[in-house]
Amino acid sequence: MQLNLEEKVSDLVASRLKQALEGKKLVVCLGSRLELGSFCFVPMIRSHVVGGCTTTREAKELMKETFADFLITDDVPEAGCGIALAKEFRHVKTLVLTHRENAELVREAEEAGVDGLVFRSAIGLSGEGSFLQAIGRVARGAVSLSPAVNCIVGNADKDALDAVAQLTEKEREVLSAVGRGLDNKEAAEEAFVSEETVKSHLRAIRQKVGETDRVKIALIAIKAGI
(Lines give C-alpha, C1' and ligand atoms only; values in the text may rest on other atoms or scores of the structure.)
Protein backbone atom coordinates (compact mmCIF):
# COMPACT_ATOMS: atom_id res chain seq x y z
CA MET A 1 0.00 0.00 0.00
CA GLN A 2 1.39 3.38 -0.97
CA LEU A 3 0.77 6.24 1.45
CA ASN A 4 0.43 9.83 0.39
CA LEU A 5 3.29 11.54 2.21
CA GLU A 6 2.45 15.04 1.09
CA GLU A 7 3.62 17.28 3.95
CA LYS A 8 1.69 20.37 3.07
CA VAL A 9 -1.83 20.46 4.45
CA SER A 10 -4.14 22.67 2.42
CA ASP A 11 -4.34 26.29 3.49
CA LEU A 12 -8.07 25.88 4.05
CA VAL A 13 -7.59 22.96 6.47
CA ALA A 14 -4.84 24.81 8.33
CA SER A 15 -6.87 28.01 8.57
CA ARG A 16 -10.02 26.28 9.79
CA LEU A 17 -8.06 24.19 12.30
CA LYS A 18 -6.37 27.27 13.73
CA GLN A 19 -9.71 29.02 14.09
CA ALA A 20 -11.42 25.96 15.61
CA LEU A 21 -8.70 25.41 18.21
CA GLU A 22 -8.56 29.01 19.37
CA GLY A 23 -8.72 28.99 23.17
CA LYS A 24 -8.79 25.17 23.35
CA LYS A 25 -6.58 23.17 25.73
CA LEU A 26 -5.70 19.65 24.58
CA VAL A 27 -4.62 16.62 26.61
CA VAL A 28 -3.19 13.75 24.55
CA CYS A 29 -3.10 10.18 25.86
CA LEU A 30 -1.47 7.65 23.51
CA GLY A 31 -0.02 4.26 24.35
CA SER A 32 2.97 4.66 22.02
CA ARG A 33 5.56 7.01 23.51
CA LEU A 34 7.12 7.67 20.11
CA GLU A 35 3.71 8.50 18.64
CA LEU A 36 2.86 10.69 21.63
CA GLY A 37 6.08 12.67 21.34
CA SER A 38 5.62 13.17 17.60
CA PHE A 39 1.96 14.11 17.83
CA CYS A 40 2.41 16.70 20.56
CA PHE A 41 4.79 18.63 18.32
CA VAL A 42 2.60 18.84 15.22
CA PRO A 43 2.99 22.57 14.39
CA MET A 44 -0.71 23.35 14.07
CA ILE A 45 -1.68 21.91 17.46
CA ARG A 46 1.40 22.02 19.71
CA SER A 47 0.58 25.45 21.15
CA HIS A 48 -2.76 24.03 22.36
CA VAL A 49 -1.36 20.86 23.97
CA VAL A 50 -1.26 21.31 27.76
CA GLY A 51 -0.21 17.77 28.58
CA GLY A 52 0.72 14.42 27.09
CA CYS A 53 0.75 10.99 28.74
CA THR A 54 0.55 7.26 28.08
CA THR A 55 -1.82 6.07 30.83
CA THR A 56 -5.41 6.96 31.64
CA ARG A 57 -4.49 7.69 35.28
CA GLU A 58 -2.07 10.37 34.13
CA ALA A 59 -4.66 11.68 31.68
CA LYS A 60 -7.24 12.08 34.43
CA GLU A 61 -4.78 14.04 36.52
CA LEU A 62 -3.88 16.28 33.58
CA MET A 63 -7.51 16.90 32.66
CA LYS A 64 -8.26 18.06 36.20
CA GLU A 65 -5.06 20.04 36.71
CA THR A 66 -5.16 21.92 33.41
CA PHE A 67 -8.96 22.29 33.01
CA ALA A 68 -8.49 20.93 29.48
CA ASP A 69 -11.52 20.97 27.19
CA PHE A 70 -10.30 18.57 24.49
CA LEU A 71 -9.11 14.98 24.93
CA ILE A 72 -7.36 12.95 22.23
CA THR A 73 -6.70 9.31 23.09
CA ASP A 74 -6.34 5.89 21.56
CA ASP A 75 -8.62 3.04 22.56
CA VAL A 76 -5.81 1.08 24.27
CA PRO A 77 -3.34 3.36 26.08
CA GLU A 78 -0.26 1.99 27.85
CA ALA A 79 -2.50 1.37 30.88
CA GLY A 80 -6.25 1.78 31.12
CA CYS A 81 -9.03 2.07 28.53
CA GLY A 82 -9.27 5.08 26.22
CA ILE A 83 -12.99 4.62 25.57
CA ALA A 84 -13.66 4.53 29.32
CA LEU A 85 -11.54 7.67 29.70
CA ALA A 86 -13.58 9.43 27.02
CA LYS A 87 -16.78 8.35 28.74
CA GLU A 88 -15.62 9.77 32.07
CA PHE A 89 -14.86 13.12 30.45
CA ARG A 90 -17.79 13.17 28.02
CA HIS A 91 -18.45 16.83 28.93
CA VAL A 92 -15.32 17.78 26.93
CA LYS A 93 -14.54 17.28 23.24
CA THR A 94 -13.15 13.78 22.69
CA LEU A 95 -11.45 12.12 19.74
CA VAL A 96 -10.39 8.46 19.75
CA LEU A 97 -7.85 6.75 17.49
CA THR A 98 -8.34 3.02 17.04
CA HIS A 99 -7.02 -0.11 15.38
CA ARG A 100 -10.28 -1.91 16.23
CA GLU A 101 -12.45 -1.35 13.20
CA ASN A 102 -15.58 -3.26 14.11
CA ALA A 103 -19.18 -2.81 15.23
CA GLU A 104 -18.34 -3.44 18.89
CA LEU A 105 -15.88 -0.55 18.94
CA VAL A 106 -18.39 1.77 17.24
CA ARG A 107 -21.01 0.79 19.83
CA GLU A 108 -18.58 1.48 22.69
CA ALA A 109 -17.68 4.87 21.23
CA GLU A 110 -21.36 5.70 20.78
CA GLU A 111 -22.15 4.82 24.39
CA ALA A 112 -19.18 6.87 25.59
CA GLY A 113 -20.39 9.92 23.69
CA VAL A 114 -17.17 10.17 21.67
CA ASP A 115 -17.17 13.15 19.30
CA GLY A 116 -14.59 11.84 16.85
CA LEU A 117 -13.57 8.33 15.85
CA VAL A 118 -10.56 7.91 13.57
CA PHE A 119 -9.50 4.53 12.19
CA ARG A 120 -5.73 4.31 12.06
CA SER A 121 -5.82 2.44 8.75
CA ALA A 122 -7.19 5.56 7.06
CA ILE A 123 -4.54 7.98 8.35
CA GLY A 124 -2.19 9.16 5.61
CA LEU A 125 -4.24 7.85 2.71
CA SER A 126 -6.05 10.97 1.55
CA GLY A 127 -3.33 13.61 1.46
CA GLU A 128 -5.97 16.10 2.62
CA GLY A 129 -5.01 16.24 6.27
CA SER A 130 -7.92 13.98 7.23
CA PHE A 131 -6.77 13.49 10.83
CA LEU A 132 -6.32 17.23 11.31
CA GLN A 133 -9.71 17.76 9.69
CA ALA A 134 -11.21 15.41 12.29
CA ILE A 135 -9.65 17.46 15.08
CA GLY A 136 -11.02 20.64 13.53
CA ARG A 137 -14.53 19.24 13.11
CA VAL A 138 -14.67 18.07 16.72
CA ALA A 139 -13.32 21.41 17.96
CA ARG A 140 -16.10 23.19 16.04
CA GLY A 141 -18.77 21.07 17.70
CA ALA A 142 -19.34 18.58 14.89
CA VAL A 143 -18.97 14.81 14.90
CA SER A 144 -16.17 13.22 12.89
CA LEU A 145 -16.46 9.52 12.07
CA SER A 146 -14.15 7.57 9.78
CA PRO A 147 -15.94 6.84 6.48
CA ALA A 148 -15.62 3.10 7.14
CA VAL A 149 -18.11 3.48 10.00
CA ASN A 150 -20.86 3.68 7.35
CA CYS A 151 -19.95 0.21 6.12
CA ILE A 152 -19.63 -1.22 9.61
CA VAL A 153 -23.01 -0.08 10.94
CA GLY A 154 -24.82 -0.47 7.61
CA ASN A 155 -28.16 1.21 6.95
CA ALA A 156 -31.87 0.44 6.80
CA ASP A 157 -31.78 -0.14 10.57
CA LYS A 158 -35.43 -0.40 11.70
CA ASP A 159 -35.02 1.66 14.90
CA ALA A 160 -33.18 4.38 13.00
CA LEU A 161 -35.78 4.41 10.24
CA ASP A 162 -38.57 4.68 12.82
CA ALA A 163 -36.77 7.59 14.48
CA VAL A 164 -36.29 9.43 11.17
CA ALA A 165 -39.94 8.87 10.22
CA GLN A 166 -40.93 11.27 13.04
CA LEU A 167 -38.96 14.15 11.57
CA THR A 168 -40.01 16.88 9.19
CA GLU A 169 -38.24 17.27 5.85
CA LYS A 170 -36.11 20.15 7.18
CA GLU A 171 -35.20 18.18 10.31
CA ARG A 172 -34.12 15.24 8.14
CA GLU A 173 -31.88 17.59 6.15
CA VAL A 174 -30.21 18.77 9.35
CA LEU A 175 -29.91 15.18 10.60
CA SER A 176 -28.23 14.22 7.33
CA ALA A 177 -25.76 17.10 7.73
CA VAL A 178 -24.89 15.95 11.25
CA GLY A 179 -24.34 12.41 9.99
CA ARG A 180 -21.96 13.70 7.32
CA GLY A 181 -19.85 15.51 9.93
CA LEU A 182 -20.98 19.07 9.22
CA ASP A 183 -20.99 21.57 12.07
CA ASN A 184 -23.92 23.90 12.66
CA LYS A 185 -22.44 26.69 10.54
CA GLU A 186 -21.76 24.36 7.61
CA ALA A 187 -25.25 22.84 7.90
CA ALA A 188 -26.76 26.33 7.85
CA GLU A 189 -24.76 27.33 4.78
CA GLU A 190 -25.77 24.16 2.94
CA ALA A 191 -29.46 24.69 3.70
CA PHE A 192 -29.36 28.49 3.18
CA VAL A 193 -30.72 29.14 6.68
CA SER A 194 -29.35 30.71 9.86
CA GLU A 195 -27.39 28.83 12.51
CA GLU A 196 -30.21 29.56 14.95
CA THR A 197 -32.60 27.74 12.62
CA VAL A 198 -30.27 24.74 12.54
CA LYS A 199 -30.04 24.77 16.34
CA SER A 200 -33.83 24.90 16.54
CA HIS A 201 -34.11 21.87 14.25
CA LEU A 202 -31.50 20.05 16.34
CA ARG A 203 -33.47 20.67 19.52
CA ALA A 204 -36.54 19.20 17.84
CA ILE A 205 -34.52 16.21 16.57
CA ARG A 206 -33.12 15.50 20.04
CA GLN A 207 -36.58 15.60 21.54
CA LYS A 208 -38.13 13.34 18.89
CA VAL A 209 -35.39 10.69 18.75
CA GLY A 210 -34.70 10.77 22.50
CA GLU A 211 -30.94 11.31 22.19
CA THR A 212 -28.76 14.24 23.21
CA ASP A 213 -25.24 13.14 22.22
CA ARG A 214 -24.41 14.39 18.74
CA VAL A 215 -22.58 11.16 17.88
CA LYS A 216 -25.72 9.11 18.59
CA ILE A 217 -27.73 11.44 16.39
CA ALA A 218 -25.10 11.13 13.64
CA LEU A 219 -25.25 7.35 13.82
CA ILE A 220 -29.04 7.43 13.51
CA ALA A 221 -28.56 9.30 10.22
CA ILE A 222 -25.98 6.77 9.03
CA LYS A 223 -28.05 3.75 10.05
CA ALA A 224 -31.11 5.23 8.33
CA GLY A 225 -29.11 5.82 5.16
CA ILE A 226 -29.84 9.54 4.86
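Side notes on the structure shown:
- Debye log10 I(q)/I(0) at q = 0.17 Å⁻¹ for segment 141-226, Cα point scatterers: -0.60
- Solvent exposure of H99, expressed as accessible area, is near 140 Å², computed with a probe of 1.4 Å over the protein chains only.
- Extension gain for the segment K18 to F192, taken as residue separation times 0.36 nm less the Cα-Cα distance, is 60.1 nm to one decimal.
- Inter-label distance, nm, simple model (7 Å from Cα along the C-beta direction), R100/K170: 4.1 nm
- Positive-end extreme of charge dipole, segment 37-119 - chosen from V118, H99, S47 (charges on Cβ): S47
- Dmax and Rg, reported as Rg then Dmax, of segment 57-106 (C-alpha, Å): 11.0, 34
- Relative to the Cα centre, the charge distribution of the chain, modelled as +1 at Lys and Arg Cβ and -1 at Asp and Glu Cβ, gives a dipole magnitude of about 340 debye.
- C-alpha long axis of helix 169-179 to longest principal axis of the chain, angle in °: 20 degrees
- Residues in segment 202-226 that a label on R90 would reach, taking backbone N under 20 Å of a point 7 Å out along Cα→Cβ: 202-223
- Helix-derived mean residue ellipticity, 222 nm - over the chain, DSSP H n ≥ 4, -39500 (n - 2.57), to 500: -14500 deg cm²/dmol
- Computed extension length for Q207-F67: 47.3 nm, one decimal, from 0.36 nm per residue of separation with the Cα-Cα distance subtracted.
- Taking the chain and dividing mean pair separation by its residue count, relative contact order in percent (alpha carbons under 8 Å, at least six apart): 17 percent
- Summed side-chain charge close to R203 - residues other than R203 whose Cβ falls under 11 Å, Lys, Arg +1, Asp, Glu -1: +1
- Accessible heavy-atom area order of S15, S47, highest first, probe of 1.4 Å: S47, S15
- Structure note, pairs K60/K185; K24/K170; K24/K87; K158/K199; K185/K216; K185/K223: Cα-Cα distances above 30 angstrom occur for K60/K185; K24/K170.
The values are calculated or read from the model by the stated rules, or taken from the named source; none is laboratory data. If you're wondering where the values come from, they're calculated on a predicted model, not measured in any experiment. Reconstructed Cβ throughout: ideal geometry from the backbone, glycine too, with neighbour counts over all protein chains shown. Each accessible area value is taken on the protein alone, full model and side chains, heavy atoms only, with ligands, DNA and RNA left out. Shrake-Rupley method; radii C 1.70, N 1.55, O 1.52, S 1.80 Å.
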